[in-house]
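Chemist: Okay, here's the structure, questions in a sec.
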Amino acid sequence: MMRYLIDTNELIDYDKFLAIKRMPQYSFVGNTAVFPDEYAALLGVGAPEKTPFCYDPLDGLFDYQRDITAAAIRKRKFAVFADCGLGKTLIFLEFARHALAESGGIILIVSPLMVIPQTIRETSRFYDDTLHIERVSAANLAERLRSDQSGIVITNYEAITEGLSADHLSGLILDESSM
């Protein structure tokens, strides 16, 4: 996200303020405008240099799966809307694998209850023993999220309630979020 300090004493910054207000996504914190880097050109300012990231995709991914995963890693907040059978589970597992390696925290996958066993089977099928997903029941989720033990955790939507701690949460993946 780009941050731009508005000088309220400068007329040119008023023009920039108006340009920011026309952006699809922005917020203000005091005199500082916050907006996605992609909109920097609208103000005539350079976007900050992107920090390079290293993504080593799983062998056997289709090119679109690899590219979608790379885009999700680069953006850090991402949604994938793809038809059945195009490998959304593999895409989010790749994202989770990368996020875990980068953060060392807890990556939480939230899925419908009946989909969890399928996700665990697919993880075993594609990653053998190199990637482990821990299934956590609704009753144990609060305790697991308070622990400092990193890993990929999967639970069902009904487990998400008020008062869950996000202290050690480094990533959140919603599977079948349209449900």
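Chemist: Take the alpha carbon atoms of region 1-62, find their center, do the same for region 93-152, and report the distance between the two centers in whole angstrom.
Modeler: 32
Chemist: Count the DSSP beta bridges whose two residues both fall in the chain, then state the antiparallel fraction as a percent rounded to the nearest 5.
Modeler: 35
Chemist: Something else about it: Just need the relative contact order of the chain here, percent rounded to a whole number, with Cα pairs under 8 Å and 6+ apart.
Modeler: This gives 19 percent for the chain.
Chemist: Pull out a ≥ b ≥ c, the square roots of the eigenvalues of the alpha-carbon gyration tensor of region 57-145, then state rounded if a/c is under 1.5, prolate if not and a/b is larger than b/c, and oblate in the remaining case.
Modeler: Cα axes put region 57-145 in the prolate bin.
Chemist: A further question on this structure: Could you order peptides 146-157, 117-128 by the average number of other Cβ atoms within 10 Å of their residues, highest first?
Modeler: Going by the mean number of other Cβ atoms within 10 Å, highest first, we get 146-157, 117-128.
Chemist: Quickly rank 69-82, 86-99 as a protection proxy: mean count of other C-beta atoms within 10 Å, highest first.
Modeler: The densest-packed peptide leads the list: 86-99, 69-82.
Chemist: Which residue, 166, 138, 19, tops the fluctuation ranking in a GNM of the chain built on C-alpha contacts under 10 Å?
Modeler: Among 166, 138, 19, the largest GNM mean-square fluctuation belongs to 19.
Chemist: Taking only protein heavy atoms into account and a 1.4 Å probe, give the accessible area per residue of the chain in Å².
Modeler: I get 65 Å² per residue for the chain.
Chemist: Moving on to the next point. To the nearest 20 debye, what is the magnitude of the charge dipole of region 10-151 about its Cα centre, counting +1 on the Cβ of each Lys and Arg and -1 on the Cβ of each Asp and Glu?
Modeler: 420
Chemist: Once the dipole of the chain is set up with Lys and Arg at +1 and Asp and Glu at -1 on Cβ about the Cα centre, which of 100, 155, 11 lies farthest towards its positive end?
Modeler: Of 100, 155, 11, it is 11.
Chemist: Still on this model: Answer rounded, prolate or oblate for region 28-179, using the Cα gyration tensor with square roots of eigenvalues a ≥ b ≥ c: rounded when a/c is under 1.5, else prolate when a/b is larger than b/c, else oblate.
Modeler: oblate
Chemist: Something else about it: So how strong a dipole does region 47-114 carry about its Cα centre when Lys and Arg Cβ are +1 and Asp and Glu Cβ are -1, to the nearest 20 debye?
Modeler: 280
The values are calculated or read from the model by the stated rules, or taken from the named source; none is laboratory data. Everything numeric in this text was worked out from a predicted model, so none of it was measured. All Cβ positions, glycine included, derive from the backbone under ideal geometry; neighbour counts span all protein chains shown. Each accessible area value is taken on the protein alone, full model and side chains, heavy atoms only, with ligands, DNA and RNA left out. Shrake-Rupley method; radii C 1.70, N 1.55, O 1.52, S 1.80 Å.
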